[in-house]
Amino acid sequence: MATDEMTVKARKQPEPKLTGAVHRSRPTLDRRYLPVLGTVVVLALMLIIGGSRYENFLSGRVMANLLINNSFLIVVAVGMTFVILTGGIDLSVGAVLALSTCISAWMFVHGWPAYVAIPAAILAGALIGWAVGVMVHVFEIQPFIATLAAMFLARGLCYVIAPESIPITDPTIVKLGTRWDLGGGWAITPSGVIALAVVVVAFVTLHYTRFGRTVYAIGGGEQSARLMGLPVARTKVLVYVISGTCAGLGGLLFAAFSSSGYSLTGVGMELDAIAAVVIGGTLLTGGSGFVLGSVLGVLVLGLIQTIITFEGTLSSWWTKIVIGALLLVFVILQRLLVVRRR
Amino acid sequence: MTGLAQLTRHRLFWPIVALVVLLLASTLKSHGFLEVTVRDGHLYGAPIDILRRSSILLLVALGMTLVIATRGIDLSVGAVMAIAGAVTLTQIASSPDPGAVSTVAVAMLTGLAVCLVIGVFNGFLVAVLGIQPIIATLVIMTAGRGIAMLITGGQITTVTSAPYKTLASGFWLGLPVAALIAGFFFAVVALVTRRTALGVLIESVGINPTASRLAGVRARTIIWTVYVLCALFACIAGFLQSSNIMAADSNNAGLFIELDAILAVVIGGTSLAGGKFSLTGTLVGVLVITTLTLSITVIGIPVNAVSLFKALVVIVVCLLQSPVVQHKLRARRRQAAPVPVEVPA
């Protein structure tokens with residue numbers, strides 16, 4: 001699926017003006033895809049290096065775990081991509097994810113059934129996202145500050161709801177984490193399927209709907225989008241609702257992963273999500289990037305973790321250093337691309 | 001009426017109201033809250049405690065104000081604090097004489113040098129390569145704590161060194177040394193930016209980098225300088241923090257302080273969009289945040305609700321300061337005020 005986006009596309013050539021001029025339409029790579037292509041190259045390199053260094057690295061089991069263990073981050077990064085595409089940022093996702101785990105855990109303990117608790121947890125995320133959207137759009141508070149306040153709020157609610165870790169034994173949530181064997185070591189869990197479904201929905205929304213085009217237009221220039229008569233207000237609020245909803249859903253996937261609701265889950269996850277989006281080739285200024293790139297970004301982060309686990313002797317802090325170094329490389333590469341485009 | 005109207009329109013009005021309300025609420029709950037007494041030749045009391053606890057955040061917010069004034073942001077300050085603590089304490093711990101003043105001085109100079117390099121690196125990414133500040137500093141924010149752990153070997157390095165302990169716990173002329181250090185740097189920055197043209201130059205870069213460059217302002221040098229200064233102030237904050245607990249905790253030193261510092265700057269009325277900055281505003285913002293944390297326990301809000309309370313105060317202050325609410329308030333005031341009689345010319 002990811003490769004669809006990265007296929008070589010012929011750039012639209014202008015009609016030849018002179019009748020006699022021979023015009024060869026050489027297939028060239030659209031510049032927009034270069035950052036994502038960089039991510040693909042890095043991912044491939046990491047797979048090759050890992051595969052040549054360690055036995056069983058390229059096995060179905062490891063690759064399936066890569067998807068399963070990062071399913072919640074994929075969902076969160078997809079939501080973050082919407083916000084970043086409009087030129088905003090969402091620092092609240094980690095806290096909202098924790099809030100979702102806490103709310104569902106609390107409701108299960110107090111005897112609520114899954115069909116109430118699960119929508120409630122997702123709705124909480126959507127509500128916080130809506131509040132952020134209103135703060136950003138109506139009150140013109142910078143996204144950085146508005147989502148920072150939302151982060152404190154969500155984290156604060158977590159401490160009130162679940163000061164201590166609450167175990168989750170609800171069968172629906174447990175079922176989210178059950179592995180379906182696909183043979184050859186490959187496996188998938190319902191949470192992995194949900195993550196992939198979210199990616200597909202986000203991809204279709206961004207590229208084949210009016211709303212998606214408006215998101216890109218706002219990132220390209222909010223003033224121009226408004227002058228074009230696009231529904232800027234509605235879209236800007238909606239991207240934060242989407243991000244909040246994704247974080248809420250991510251919380252449920254995380255609950256399936258950890259089988260508990262705890263107020264300190266997902267501390268710093270917003271940075272992982274932002275890093276994944278940036279490594280996936282989305283510009284933080286907005287208007288340029290792909291949701292599939294963000295998925296690749298999450299996989300790159302996951303692979304770093306996997307390689308360090310396989311290496312065994314490397315200490316855990318190397319993960320942070322490598323992620324930082326990768327960020328640096330990607331940021332500089334993107335910058336060079338922008339300069340060349342001018 | 002007009003005097004009051006002018007007062008409420010001042011950008012520091014609501015933050016100062018928040019500060020006064022917090023202090024009043026604390027005093028109502030515990031009557032001796034605002035009392036300052038002299039014990040063993042030192043000043044004691046909650047106000048002094050607020051000053052001492054503010055010093056770390058004030059140092060970080062000071063650098064942050066300058067960076068934000070140039071339309072930038074520095075997310076790496078917390079990681080820089082961790083690195084400063086790690087470098088300095090590792091060196092003190094490995095020296096034969098950890099209690100000597102010279103050892104501490106050399107170790108601190110090494111820490112400053114490392115942070116200088118980080119500041120130069122951040123400034124290079126932003127000023128020379130033209131990378132967005134939030135992303136450029138995200139690099140060190142992510143990698144920094146890893147580097148700090150690399151330096152300490154993943155351990156929490158602890159030392160016993162009397163001169164180093166003085167930084168955070170000592171008193172001089174009855175006042176806490178930490179507050180004096182922060183106050184000294186605050187005064188220096190205020191003097192240099194407000195008594196020379198530097199402050200105006202920084203603001204001009206923040207308002208329009210291209211125009212200021214065309215007007216002959218060395219925009220690149222100024223941007224580079226503020227990132228270096230921000231890293232150095234974060235480094236000193238790192239000294240105070242590690243001296244406070246006499247340990248270098250790479251995971252938790254200065255965790256999320258970048259958010260508190262940015263919040264303090266914004267509460268103080270400096271816009272994240274760059275341009276005009278207010279150091280007094282930042283000082284008020286820092287005091288609001290520190291008092292908030294301290295008064296929460298005094299007022300008797302349960303520990304679990306601390307973060308919630310903080311969030312609500314932040315949201316209320318931000319909403320009151322937002323352009324829309326300010327505009328509405330002003331419009332209502334204009335309606336209430338008597339219409340000035342037009343004098344025919």
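Here B:THR160 meets each of (1) more than 17 Å from B:ILE68 (Cα to Cα); (2) touching a helix residue (DSSP H, G or I) at 6+ places or on another chain (Cβ under 7 Å) with one exception, condition (2).
Hey, does the range A:32-52 have a residue that's over 22 Å from the mean Cα position of the chain (by Cα), modelled with pLDDT under 85 and either under 13 Å from A:GLY293 (Cβ atoms) or of a type in the set (A, V, I, L, M, F, W, C) (or both)? Checking the range A:32-52: not a single residue is over 22 Å from the mean Cα position of the chain (by Cα), modelled with pLDDT under 85 and either under 13 Å from A:GLY293 (Cβ atoms) or of a type in the set (A, V, I, L, M, F, W, C) (or both).
If I filter the range A:158-179 for residues that are farther than 30 Å from A:ASN65 by Cα and buried (at least 23 other Cβ atoms within 10 Å of the Cβ), do I get at least one hit? Scanning the range A:158-179, I find no residue that is farther than 30 Å from A:ASN65 by Cα and buried (at least 23 other Cβ atoms within 10 Å of the Cβ), so the answer is no. A count restricted to the range B:277-310 and to residues that are in a loop (DSSP other than H, G, I, E, B) and buried (at least 17 other Cβ atoms within 10 Å of the Cβ) stands at 2.
Residues that are more than 28 Å from A:ARG234 (Cβ to Cβ) and part of a helix (DSSP H, G or I) within the range A:155-170 comprise A:ARG155, A:GLY156, A:CYS158, A:TYR159, A:VAL160, A:ILE161, listed in sequence order. Taking only the range A:176-192 into account, find how many residues are assigned to a helix (DSSP H, G or I) and either small (Gly, Ala, Ser) or modelled with pLDDT of 85 or more (or both). Result for the range A:176-192: 3. Scanning the range B:62-98 for residues that are surrounded by fewer than 24 Cβ atoms within 10 Å (Cβ to Cβ), over 21 Å from the mean Cα position of the chain (by Cα) and not aliphatic (A, V, I, L, M) yields B:THR90, B:GLN91, B:SER94, B:SER95, B:PRO96, B:ASP97, B:PRO98. Within the range A:243-256, not a single residue is surrounded by fewer than 22 Cβ atoms within 10 Å (Cβ to Cβ) and closer than 21 Å to A:GLY94 by Cα. Among the residues making up the range B:3-38, those that are among the aliphatic types (A, V, I, L, M) and either modelled with pLDDT under 80 or in contact with a Pro (Cβ under 6 Å, 6 or more places away or on another chain) (or both) are B:LEU4, B:ALA5, B:LEU7, B:LEU12, B:LEU34, B:VAL36, B:VAL38. The criterion of being crowded, with 18+ Cβ neighbours inside 10 Å, touching a Ser or Thr at 6+ places or on another chain (Cβ under 7 Å) and in a loop (DSSP other than H, G, I, E, B) holds for A:GLY289. Looking across the range A:320-335, the residues that are of a type in the set (Val, Ile, Thr), at the interface with chain B (Cβ under 7 Å from one of its Cβ atoms) and more than 19 Å from the chain's Cα centre (by Cα) come down to A:ILE321, A:ILE332. Here B:ILE151 fulfils each of the conditions (1) facing chain A (nearest Cβ under 9 Å); (2) over 25 Å from the mean Cα position of the chain (by Cα); (3) part of a helix (DSSP H, G or I) apart from (1). Within the range A:193-230, being surrounded by 15 or more Cβ atoms within 10 Å (Cβ to Cβ) and outside any helix (DSSP H, G or I) holds for one residue alone: A:LEU230.
For B:THR142, are the conditions met, namely being in contact with an Asp or Glu (Cβ under 7 Å, 6 or more places away or on another chain), within 14 Å of chain A (Cβ to nearest Cβ), buried (at least 17 other Cβ atoms within 10 Å of the Cβ) and assigned to a helix (DSSP H, G or I)? No; evaluated as a whole, the condition is false for this residue. When B:ARG71 is tested against (1) touching a Gly at 6+ places or on another chain (Cβ under 7 Å); (2) assigned to a helix (DSSP H, G or I); (3) within 14 Å of another protein chain (Cβ to nearest Cβ), just one condition goes unmet, and that condition is (2).
The test for being away from chain A (no Cβ under 14 Å), aliphatic (A, V, I, L, M) and touching a Leu at 6+ places or on another chain (Cβ under 8 Å) does not hold for B:VAL266. For the range B:99-109, a tally of residues being in a helix (DSSP H, G or I), surrounded by 15 or more Cβ atoms within 10 Å (Cβ to Cβ) and not hydrophobic (A, V, I, L, M, F, W, C) returns 1. Filtered by the rule that a residue be within 13 Å of chain A (Cβ to nearest Cβ) and without any contact (Cβ under 8 Å) to a residue 60 or more places away in the chain, the range B:117-134 gives B:PHE121, B:LEU125, B:LEU129, B:GLY130, B:ILE131, B:GLN132.
The values are calculated or read from the model by the stated rules, or taken from the named source; none is laboratory data. Here the structure is a predicted model, which means the values were calculated and not measured. Every residue, glycine among them, receives a Cβ derived from its backbone with ideal geometry; neighbour counts consider all protein chains shown.
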